[in-house]
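Undergrad: Before anything else, here's the structure in question.
The values are calculated or read from the model by the stated rules, or taken from the named source; none is laboratory data. Keep in mind that what you see is a predicted model, and the values were worked out from it rather than measured. Cβ coordinates were reconstructed from backbone atoms using ideal geometry, including for glycine residues, and neighbour counts include every protein chain displayed. When the accessible area is computed, the model is the full protein with side chains, heavy atoms only, and any ligands, DNA or RNA have been set aside. Shrake-Rupley method; radii C 1.70, N 1.55, O 1.52, S 1.80 Å.
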Amino acid sequence: MARAQLDKQPHDVAAMFDGVARRHDLTNDVLSLGLAHTWRRAVVSAVRPQPGERILDLAAGTGTSSTPFADAGAYVVPCDFSLGMLTVGRERQPGLAFTAGDALALPFEDATFDAVTISFGLRNVHDTDAALAELLRVTRPGGRLVVCEFSHPTWGPLRTVYVEYLMRALPGLARAVSSEPEAYVYLAESIRAWPDQPALASRLLGAGWDGVAWRNLTAGIVALHRATRRP
């Protein structure tokens, strides 16, 4: 799978991430120009992990995004459908409960988690609306959701520069730091094709989430969408 407009078949996406697993975190840091750390901190602040809470970190990859939740005293489940990512994650952080799972059929009971979160993974799911409904199913009443995803810059000139970076500079950088640069060409195109902030908020509401709001990070290059499950 090399182009975003093609159907995102689960086995193709999983294979793509299997191929980049070992250098994925480093590549993300380089391609985000060092901003990935800032975005991860914003996610943790939005989730507000509490000691003893159960938190699902979907599309967790190697678990880099999950560690701060564990450090806060929560029981975190890093979940991903890429076995390559999970293998690397278990090697690096054997204390975390890495779990293989498909966003469209999560291997958890109803109302299992106090909070659920997914960072930079929702746009890679075959059926976005079904995934949002599945996240709702495994969240307890009153529980919370945080979605961190690339979005649309709010300032026109920056939006133009950003799209040029995605389609021109990012693939070149990916070739320098990744063994599977084609995967990052796909990711660049998937970012450009992803709906803007109000459109994603509408989809959250349509999936049954309540109290939907968003916060722009880095002038809208990334957006944090928050919501809750009705008590």
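Undergrad: Starting from the Cα-Cα distance between A193 and L83, subtract it from 0.36 nm times their residue separation and give me the gain in nm to one decimal.
TA: 37.0 nm
Undergrad: With a 1.4 Å probe and every protein chain kept in, tell me what percent of the accessible surface of the stretch 79-231 is carbon plus sulfur.
TA: Whole-percent figure for carbon plus sulfur exposure: 56.
Undergrad: Below 14 angstrom from the Cβ of A115, what's the summed charge of the other residues (Lys, Arg +1; Asp, Glu -1)?
TA: Charge balance in the 14 Å sphere: +3.
Undergrad: Using 0.36 nm per residue of separation minus the Cα-Cα distance, give me the extension gain between A130 and Y75 in nm, one decimal.
TA: Going from the current span to full extension adds 17.3 nm.
Undergrad: Something else: Grab the other residues whose beta carbon is less than 12 angstrom from that of G211, score K and R as +1, D and E as -1, and report the net.
TA: +3
Undergrad: Something else now. Using modelled backbone amide H atoms (1.01 Å from N, in-plane), which distant-in-sequence or interchain residues come within less than 5 Å of T139's amide H?
TA: A111, T112, F113
Undergrad: Starting from the Cα-Cα distance between A213 and R90, subtract it from 0.36 nm times their residue separation and give me the gain in nm to one decimal.
TA: Here the answer is 40.9 nm.
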